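Input: a single structure, listed below in structure tokens.
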Amino acid sequence: QVQLVESGGGLVQAGGSLRLSCAASGRSFSSYAMGWFRPAPGKERDFVAGISWRGDSTDYTDSVKGRFTISRDNAKNTVYLQMNSLKPEDTAIYYCAASLFGIARSNHYDYWGQGTQVTVSS
């Protein structure tokens, strides 16, 4: 069992930055690939970024490439999402998720956090 708690959301102006954190408790955090998701039209949770269990492989949806960076610190059981050059369309609740089966763009992850709100004003 893995519990995930997101933090770091807030209100920021367009062009600004935020860093989201997802702290994991439970067993074997370093065994899980991690992902960040947000709602999108027609999708309850849409893939934003993912990172392998060792942190040596990452994946991003096209709309955030070059602006967002996912990273992890297995010693701290935490995964991060650095968000730069934020746009109003990035406004959403951001969820982190854990998967034993590697990075996936689908929402078939094993564990989910409760989400943190990001609001970008124009």
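The values are calculated or read from the model by the stated rules, or taken from the named source; none is laboratory data. Just so it is clear, the model here is predicted, and its values are computed rather than measured. Every residue, glycine among them, receives a Cβ derived from its backbone with ideal geometry; neighbour counts consider all protein chains shown. Please note that ligands, DNA and RNA were not included when accessible areas were found on the heavy atoms of the full protein model with its side chains. Shrake-Rupley method; radii C 1.70, N 1.55, O 1.52, S 1.80 Å.
Points to keep in mind about this one:
- Reported count of residues in region 5-44, each being charged (D, E, K, R), at pLDDT below 95 and in a strand (DSSP E or B), is 2.
- For region 74-114, a residue qualifies if it is of a type in the set (A, V, I, L, M) and either under 11 Å from M34 (Cα atoms) or surrounded by 18 or more Cβ atoms within 10 Å (Cβ to Cβ) (or both), and the qualifying residues are V79, L81, M83, L86, A92, A97, A98, L100, I103, A104.
Quick grid of which residues meet (1) open to solvent by less than 30 Å² (accessible area, probe 1.4 Å); (2) more than 16 Å from W112 (Cβ to Cβ); (3) out of contact with any Leu (no Cβ under 9 Å at 6 or more places or on another chain):
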{"site": "G10", "(1), (2), (3)": "yes, yes, no"}
{"site": "A14", "(1), (2), (3)": "no, yes, no"}
{"site": "S31", "(1), (2), (3)": "no, yes, no"}
{"site": "W36", "(1), (2), (3)": "yes, no, no"}
{"site": "P39", "(1), (2), (3)": "no, no, yes"}
{"site": "E44", "(1), (2), (3)": "no, no, yes"}
{"site": "S52", "(1), (2), (3)": "yes, yes, yes"}
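- Candidate set from region 52-101 (those that are in contact with a Phe, Trp or Tyr (Cβ under 8 Å, 6 or more places away or on another chain) and among the small types (G, A, S)); member that is farthest from L18 (Cα to Cα): S99
- Residue check for S25: in contact (Cβ under 8 Å) with a residue 40 or more places away in the chain, surrounded by fewer than 20 Cβ atoms within 10 Å (Cβ to Cβ) and more than 12 Å from L81 (Cβ to Cβ): yes
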